[in-house]
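Student: Shown below is the structure under consideration.
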Amino acid sequence: MNIISYNARQLVPWSDFDHMFNGPYFETNSENTWSATVNIQEDDKAIVLTADLPDVADEDLDVKVEKGALILRAKRQPEKESQEKRFHCLERAYGSFHRSFKLPENVNTEKIEARYDKGVLWVTLPKRPEKKNRSRQIRIH
């Protein structure tokens, strides 16, 4: 059995050309958009949403409930270039984003709490107590 060495260049003839334009001096994402990564967990009493929002100032963060949805809006300000500080590579995204999450019927929207610390947002969505379906017999006269 003969072993033939694998050469990726033979399969992708334009890779050197593409690589030349993917270096640090060429912007690959012209929109430079971003979105928060989110975890959602649930227990018997509440749903807790955590969102990573690094470098977002408190005043650039908005959390609200609207039409049965939890809406997160945030804005990350771009870093400014100056004579003392020039960029050689600028990959971090900035700008505004928003995400919305449909809330289940059992969330008590009047008691939602949020906390923001060190670039992490915690939103606690308490659940309403379950209504017990009590049945009773109706007498027919």
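Read-outs: derived from the displayed coordinates by stated rules, not from any lab. Predicted model only: the values in this text are computed from it and were never measured. As a convention, Cβ positions derive from the backbone with ideal geometry for all residues, glycine included, and neighbour counts pool all protein chains shown.
Student: What is the gain in length, in nm to one decimal, between Glu91 and Arg128 on full extension, counting 0.36 nm per residue of separation less the C-alpha to C-alpha distance?
Tutor: That pair, Glu91 and Arg128, stretches by 9.0 nm at full extension.
Student: For Lys45, what charge total do you get from the other residues with a beta carbon under 13 Å from its beta carbon, if Lys and Arg give +1 and Asp and Glu give -1?
Tutor: Every neighbour counted, the sum reads -2.
Student: If you plug each phi of region 77-94 into the Karplus form 6.51 cos²θ - 1.76 cosθ + 1.60 with θ = phi - 60°, what whole-Hz ³J(HN,Hα) values come out, in order, with x for Gly and Pro?
Tutor: Going residue by residue, I get 7, x, 6, 8, 8, 9, 5, 7, 9, 10, 8, 9, 8, 10, 9, 5, 7, 8 Hz, with x marking Gly and Pro.
Student: Here is a further query. Report, by chain and number, residues whose modeled amide H sits under 5 Å from the one on Ala46, excluding near sequence neighbours (fewer than 5 apart, same chain).
Tutor: Hits under the 5 Å cutoff: Lys127.
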